[in-house]
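Asker: Pasting a structure here, questions to come.
Since every read-out is calculated from the coordinates, none of them should be taken as a lab result. Predicted model only: the values in this text are computed from it and were never measured. All Cβ positions, even for glycine, are placed from backbone atoms using ideal geometry, and neighbour counts span all protein chains on display.
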């Protein structure tokens, strides 16, 4: 039985997507996540997910950072972006950062079902010609640095990018402030940054305009 993970912070959209997919791929299991932490929890529970449908704009997903981090930590997991932003550059960036496909939220049920069938068959689904929009080398470099982070370092980085204090990050991740501080230090070193402000400026390259 197929298992899908639907990651979007809008309950109505998740409900609509779940209804369409349940009808098209029955029998199947739908797992929902409203933020990146819930995505991680779902992915760390067996059995494996067959396809993750990930929104670019949800809590914990700073632009393409969540896609990049998830791709690095779950290299065999097919991840498709489902987003309201479907311009050529955004599609190109998503595919360059490891998405197996990009489905616009404006797609109808037939198009969505067809896209998912292709993704499950191992194809890449690209709704538009993205080849004319190469990703900037600086963005590629930041993405490469992001992939070197451990899962814990990545989640701490997301907290830092959200402007949270070490105390807040520690509480949310159920770790000590000292551990958070150690992770922040390690992240700064891996990015070659001297302070949080510089780190935020560097990760801004992964934002969705």
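Asker: Place the peptides 76-86, 182-192 in order of packing, highest mean first, counting for every residue the other Cβ atoms within 10 Å and averaging per peptide. The partial results should precede the final answer.
Answerer: Details: 76-86: 18.5, 182-192: 16.5.
Result, highest mean Cβ count within 10 Å first: 76-86, 182-192.
Asker: If you line up the long axis of helix 11-25 against the longest principal axis of the chain, both from Cα atoms, how many degrees apart are they, to the nearest 10?
Answerer: So the inclination is approximately 50 degrees.
Asker: Measure off 7 Å from each Cα along the Cα-to-Cβ vector at residue 1 and residue 16, then give the distance between these two points in nanometres to one decimal.
Answerer: 2.7 nm
Asker: To test your reading of the geometry: what angle, between 0 and 90 degrees and rounded to tens, separates the Cα axis of helix 151-161 from the longest principal axis of the chain?
Answerer: The angle comes out at about 80 degrees.
Asker: Sort 28, 161 so that the residue with the fewest other Cβ atoms within 10 Å of its own Cβ comes first and the one with the most comes last. Present the calculation step by step, with values, prior to reporting the outcome.
Answerer: Working: 28 16, 161 19.
Least crowded to most crowded, the residues run 28, 161.
Asker: For Cα extents along the principal axes in Å, the listed values are (1) 45, 44, 34; (2) 51, 38, 31; (3) 49, 39, 27; which was obtained by calculation from the structure presented?
Answerer: Given (1) 45, 44, 34; (2) 51, 38, 31; (3) 49, 39, 27, the structure-derived one carries the label (3).
Asker: To the nearest 10 degrees, how steep is helix 109-120 against the longest Cα principal axis of the chain, on a 0 to 90 scale?
Answerer: Compared with the principal axis, the helix lies near 70 degrees.
Asker: Once you sort the root eigenvalues of the Cα gyration tensor of the range 137-206 as a ≥ b ≥ c, which label holds: rounded (a/c under 1.5), prolate (a/b larger than b/c) or oblate (the other case)?
Answerer: Values: a/c = 2.00, a/b = 1.80, b/c = 1.11.
Note, shape of the range 137-206 comes out prolate.
Asker: Indicate the gyration tensor shape class of the range 2-120 (rounded, prolate or oblate), computed on the Cα atoms with a ≥ b ≥ c the square roots of the eigenvalues: a/c under 1.5 is rounded; otherwise a/b larger than b/c is prolate and the rest oblate. Intermediate results must be reported in sequence, preceding the final value.
Answerer: Numbers: a/c = 1.36, a/b = 1.08, b/c = 1.26.
Cα axes put the range 2-120 in the rounded bin.
Asker: Would you work out the relative contact order for the chain, in percent, from Cα pairs under 8 angstrom that are 6 or more residues apart? Write out the running numbers ahead of the final one.
Answerer: On the way: 297 pairs, mean separation 36.2, N = 209.
Dividing the mean separation by the residue count of the chain yields 17 percent.
Asker: Counting DSSP beta bridges with both partners in the chain, what percentage is antiparallel, nearest 5?
Answerer: Working: 1 of 19 bridges.
Of the beta bridges lying entirely in the chain, close to 5 percent run antiparallel.
Asker: I've got another one for you. Once the piece of chain linking residue 87 and residue 152 is laid out straight, how much longer is it, given 0.36 nm per residue of separation minus the C-alpha distance between them? The partial results should precede the final answer.
Answerer: On the way: separation 65, 0.36 × 65 = 23.40 nm, distance 3.22 nm.
Contour length minus Cα-Cα distance gives 20.2 nm.
Asker: Find the relative contact order for the range 2-120 and round it to a whole percent, using C-alpha pairs within less than 8 Å whose residues are 6+ positions apart. Please list the in-between numbers first.
Answerer: On the way: 182 pairs, mean separation 27.7, N = 119.
The value is 23 percent.
Asker: Continuing with the same structure: If R0 is 41 Å, what FRET efficiency do you get for residue 176 and residue 123 from their C-beta distance, rounded to 0.05?
Answerer: FRET efficiency, residue 176 to residue 123: 0.35.
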